[in-house]
Amino acid sequence: MAKVSVLNRWFPHPLVSVIVGLSWVMLAHSLDAATLCMALVLAIIIPRLVRPFIDRTPNINWLEAVKLFFVVLWDIIVSNIHVAKLVLGPAHKLHPKWFRVPLDSQHEEVNSLLAMIITTTPGTVSAGIDQDRGDILVHALSTDDPEGEIQTIKQRYEKPLLQIFGVNTGEST
């Protein structure tokens, strides 16, 4: 069995510890000693409690992850405006469609995050990942070009996700 350092034992997921501690301080709106002590206690206990449920994901390309974050954020903003125009406009302009986005990988994290991004972007919802078929079923609020939507999803989201996790096409977890 590999030797675990004291730091890893106390803080098995340092990023989770930081998020928990900062969240507590922000919720308390205080920097007094009691708040900081409680933030430290929670930052130690909560990540240790969830340790069995969080796997470490090695070799993430963080630069690509940050780029994808801003692409998705921009797309959410633009899509919100587009969806508002569609919903507030005449109903005959809506052209809802179901389509399947073929997956380039069996990598569970890539496919799960892709489905989450699709659902987070207004105007589209992923209904399910079919690992056996190798695709994601997607519903678009309005599109006249499902093939164009598929290519957009693959280029803007799936390709960067594959780069973030260093996955070669066809590779599984």
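The values are calculated or read from the model by the stated rules, or taken from the named source; none is laboratory data. The shown structure was predicted, so the numbers you read here are calculated from the model rather than taken from an experiment. Glycine gets a Cβ as well: all are built from the backbone with ideal geometry, and neighbour counts include every protein chain shown. These area figures cover heavy atoms from the full protein model, side chains too; ligands, DNA and RNA do not enter into them. Shrake-Rupley method; radii C 1.70, N 1.55, O 1.52, S 1.80 Å.
Can you pull out every residue in the stretch 148-167 that is over 18 Å from the mean Cα position of the chain (by Cα) and without any contact (Cβ under 8 Å) to a residue 12 or more places away in the chain?
Selection gives Gly148, Gln151.
Any idea how many residues of the stretch 18-32 are under 20 Å from Arg51 (Cβ atoms) and without any contact (Cβ under 8 Å) to a residue 12 or more places away in the chain?
Within the stretch 18-32, the first condition is being under 20 Å from Arg51 (Cβ atoms), and the residues that meet it are 18-24.
The next check asks that each one be without any contact (Cβ under 8 Å) to a residue 12 or more places away in the chain; those that pass are 19, 23.
The total comes to 2.
Under 8 Å between Cβ atoms, at least 6 apart or on separate chains: pull out the pairs that start in the stretch 1-17 with a residue that is part of a helix (DSSP H, G or I) and end on any residue that is modelled with pLDDT under 80.
As it stands, the answer is Val16/Ile54, since those pairs meet every condition given.
Considering only the stretch 68-82, I want to know if a residue exists there that is within 30 Å of Gly166 (Cβ to Cβ), part of a loop (DSSP other than H, G, I, E, B) and open to solvent by 20 Å² or more (accessible area, probe 1.4 Å).
So far as the stretch 68-82 goes, no, none of its residues is within 30 Å of Gly166 (Cβ to Cβ), part of a loop (DSSP other than H, G, I, E, B) and open to solvent by 20 Å² or more (accessible area, probe 1.4 Å).
If Ala127 meets every condition in (1) more than 15 Å from the chain's Cα centre (by Cα); (2) part of a helix (DSSP H, G or I) apart from one, which number is that one?
Going through the list (1) more than 15 Å from the chain's Cα centre (by Cα); (2) part of a helix (DSSP H, G or I), Ala127 breaks only (2).
Return the residue satisfying two criteria in turn: it lies in the stretch 33-55 and is free of Cβ contacts under 8 Å to residues at least 12 places away in the same chain and not hydrophobic (A, V, I, L, M, F, W, C), and of such residues it is least open to solvent (accessible area, probe 1.4 Å).
This residue is Thr35.
Look at Thr143 and say whether it is touching a residue at least 12 places away in the same chain (Cβ under 8 Å), β-branched (Val, Ile, Thr), under 18 Å from Ile60 (Cα atoms) and not in a strand (DSSP E or B). Full working, then the answer.
Numbers: touching a residue at least 12 places away in the same chain (Cβ under 8 Å): yes; β-branched (Val, Ile, Thr): yes; under 18 Å from Ile60 (Cα atoms): no; not in a strand (DSSP E or B): yes.
Criteria not met by Thr143.
Out of (1) assigned to a loop (DSSP other than H, G, I, E, B); (2) open to solvent by 70 Å² or more (accessible area, probe 1.4 Å); (3) at pLDDT 90 or above, the odd one out for Ser30 is which?
Of everything listed in (1) assigned to a loop (DSSP other than H, G, I, E, B); (2) open to solvent by 70 Å² or more (accessible area, probe 1.4 Å); (3) at pLDDT 90 or above, Ser30 misses just condition (2).
Filter the stretch 100-124 down to residues that are part of a strand (DSSP E or B) and either over 23 Å from Phe70 (Cα atoms) or hydrophobic (A, V, I, L, M, F, W, C) (or both), then give me how many there are. Step through it out loud before you land on a result.
As a first pass, look at the stretch 100-124 and keep what is part of a strand (DSSP E or B): 100-102, 106, 124.
Pick out the ones that are also either over 23 Å from Phe70 (Cα atoms) or hydrophobic (A, V, I, L, M, F, W, C) (or both) and you get 100-102, 106.
Number of matching residues: 4.
Answer yes if at least one residue in the stretch 109-116 is more than 30 Å from Asp132 (Cα to Cα) and buried (at least 17 other Cβ atoms within 10 Å of the Cβ), and no otherwise. Talk me through it step by step, then tell me what you get.
Within the stretch 109-116, the first condition is being more than 30 Å from Asp132 (Cα to Cα), and the residues that meet it are none.
The answer is no, given that none of the residues of the stretch 109-116 is more than 30 Å from Asp132 (Cα to Cα) and buried (at least 17 other Cβ atoms within 10 Å of the Cβ).
Of the residues that sit in the stretch 91-102 and are of a type outside the set (Lys, Arg) and under 17 Å from Val125 (Cβ atoms), which one is most open to solvent (accessible area, probe 1.4 Å)? Steps first, please.
Taking the stretch 91-102 first, the residues of a type outside the set (Lys, Arg) are 91-92, 94-96, 98-99, 101-102.
Now restrict to residues that are under 17 Å from Val125 (Cβ atoms): 94-96, 98-99, 101.
Working: Leu94: 57, His95: 68, Pro96: 78, Trp98: 156, Phe99: 12, Val101: 1 Å².
If we take residues in the stretch 91-102 being of a type outside the set (Lys, Arg) and under 17 Å from Val125 (Cβ atoms), then Trp98 is most open to solvent (accessible area, probe 1.4 Å).
With the checklist (1) within 30 Å of Phe165 (Cβ to Cβ); (2) not in a loop (DSSP other than H, G, I, E, B) in hand, flag the one item Asp55 doesn't pass.
Checking Asp55 against (1) within 30 Å of Phe165 (Cβ to Cβ); (2) not in a loop (DSSP other than H, G, I, E, B), the one that fails is (2).
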